[in-house]
Amino acid sequence: MERTLNDMLDLSTLLDLAVDLATRAGAMLMDGFEARHETVGTKTSSTDMVTDLDRASEELIVEGLIRMRPDDGILGEEGASREGSSGIRWVIDPLDGTTNYLYGLPAFAVSIAAELHGAAVVGVVADPSHDEVFTATSGGGARRNGVPIAVSGATELATALVATGFGYRREQRSRQAQVLTEVLPAVRDVRRFGAAAIDLCWVACGRLDAYYEVGIQHWDVAAGGLVATEAGAHVEGLREVSTGSDSARVIAATPGLADPLRQLLDAAPPPT
Ligand code: IPD
Ligand code: CA
């Protein structure tokens with residue numbers, strides 16, 4: 001029988017590399033945490049900030065990838081972009097939760113995914129302020145610090161704890177606020193932690209029952225999306241997000257909550 005590239009790939013080698021780089025980048029972010037206010041600039045809008053540490057973290061990861069995997073492609077939030085020839089592409093968010101980081105809020109992460117022909121096969125999210133590393137390989141389950149994790153058994157929206165996130169553009173936020181007016185009365189409560197990679201991993205380990213966001217970027221969700229999927233979540237919208245669509249919506253929820261949550265989000269009145 002013909003073996004596919006997926007069969008031949010040693011996912012554990014890719015996983016070990018991603019864990020090593022995410023952990024080292026996370027340690028670097030912790031070292032820079034106190035000096036964070038001195039290094040701020042802005043990107044797409046005045047609310048979209050970037051620090052020298054975002055860039056240094058991406059540099060550390062990219063250098064490590066190029067050294068160990070010179071034939072792979074790379075896409076990073078801070079501009080890393082490299083064509084590869086191996087079929088593997090690394091998708092990096094070197095500091096997810098930049099606003100939290102700048103304000104000294106311990107909810108930020110390093111997110112690294114390895115994709116094979118566009119589908120994530122390895123996902124690593126390091127949350128250095130809580131000493132947690134979430135990992136997943138396709139078909140191999142999801143783990144927190146090496147211990148298998150699974151989604152909660154939630155089935156009722158009315159008692160579900162749901163996280164979301166907001167984009168950086170004004171018009172997008174107005175729409176997100178409008179949708180929220182439908183969601184908030186229908187669920188137990190809503191959380192906005194400010195780091196999508198962490199939201200997805202917290203769905204994966206049952207700290208949250210569901211997460212949704214519109215207008216998120218590929219690097220925010222590539223690794224966490226696989227962690228949530230492998231933990232048993234229903235995850236949708238990743239493919240649309242990877243095309244760069246502004247209106248793509250990611251939902252990650254327990255299997256019992258996915259349909260009712262989607263219906264609730266779809267019921268929000270269209271923008272006027
Ligand atoms: C942001 C965070 C946030 C989400 C935004 C993202 P960044 O990423 O993940 O939770 O709501 O959509 O852009 O800018 O902190 O890397
Ligand atoms: Ca991000």
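The values are calculated or read from the model by the stated rules, or taken from the named source; none is laboratory data. Bear in mind that the values here come from a model prediction, so they are computed numbers and not experimental data. All Cβ positions, even for glycine, are placed from backbone atoms using ideal geometry, and neighbour counts span all protein chains on display.
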>> Can you say whether residue 162 is touching a strand residue (DSSP E or B) at 6+ places or on another chain (Cβ under 9 Å), farther than 16 Å from residue 257 by Cα and surrounded by 15 or more Cβ atoms within 10 Å (Cβ to Cβ), as far as the supplied structure shows?
In response: no
> Of all the residues that make up the stretch 176-198, how many are over 18 Å from residue 237 (Cα atoms) and either among the acidic types (Asp, Glu) or within 14 Å of ligand 1 (Cβ to nearest atom) (or both)?
Replying inline: 9
> On the given criteria, is residue 265 within 16 Å of ligand 1 (Cβ to nearest atom), within 16 Å of the chain's Cα centre (by Cα) and of a type outside the set (S, T, N, Q)?
Replying inline: no
> Using beta carbons and a limit of 6 Å, which pairs, at least six apart or on different chains, have the first residue in the stretch 199-214 and within 12 Å of ligand 1 (Cβ to nearest atom) and the second one basic (Lys, Arg)?
Replying inline: 214/249
> Taking the stretch 70-97, which residues are over 13 Å from the mean Cα position of the chain (by Cα), within 15 Å of ligand 2 (Cβ to nearest atom) and either assigned to a loop (DSSP other than H, G, I, E, B) or of a type in the set (Ser, Thr, Tyr) (or both)?
Replying inline: 78, 79, 80
> Going by the structure shown, is residue 152 in contact with a strand residue (DSSP E or B) (Cβ under 7 Å, 6 or more places away or on another chain), among the polar types (S, T, N, Q) and either surrounded by 21 or more Cβ atoms within 10 Å (Cβ to Cβ) or at pLDDT 95 or above (or both)?
Replying inline: no
>> Which count do you get for residues in the stretch 74-85 that are away from ligand 1 (no atom under 16 Å from the Cβ) and either under 15 Å from residue 17 (Cβ atoms) or loosely packed, with under 14 Cβ neighbours inside 10 Å (or both)?
In response: 5
> Quick check, is residue 205 modelled with pLDDT of 95 or more, within 15 Å of ligand 2 (Cβ to nearest atom) and surrounded by 21 or more Cβ atoms within 10 Å (Cβ to Cβ)?
Replying inline: no
> Out of 62, 40, 91, 19, which single residue is among the aliphatic types (A, V, I, L, M) and at pLDDT below 95?
Replying inline: 40
>> Of the conditions (1) surrounded by fewer than 24 Cβ atoms within 10 Å (Cβ to Cβ); (2) away from ligand 2 (no atom under 12 Å from the Cβ), residue 194 satisfies every one except a single condition; which number is it?
In response: (2)
> Taking only pairs six or more apart or across chains, which ones have beta-carbon atoms under 6 Å, a first residue in the stretch 59-81 that is free of Cβ contacts under 8 Å to residues at least 60 places away in the same chain, and a second residue that is assigned to a loop (DSSP other than H, G, I, E, B) and surrounded by fewer than 19 Cβ atoms within 10 Å (Cβ to Cβ)?
Replying inline: 71/84; 71/85; 71/86; 72/84; 72/86; 73/83; 73/84
> Which of the residues belonging to the stretch 86-96 are free of Cβ contacts under 8 Å to residues at least 60 places away in the same chain and either within 16 Å of ligand 1 (Cβ to nearest atom) or in contact with a Phe, Trp or Tyr (Cβ under 9 Å, 6 or more places away or on another chain) (or both)?
Replying inline: none
> Among the residues of the stretch 206-239, which ones are under 16 Å from residue 127 (Cα atoms) and touching a Pro at 6+ places or on another chain (Cβ under 9 Å)?
Replying inline: 219
> From the list 225, 237, which residue is at positive phi and of a type in the set (Gly, Ala, Ser)?
Replying inline: 237
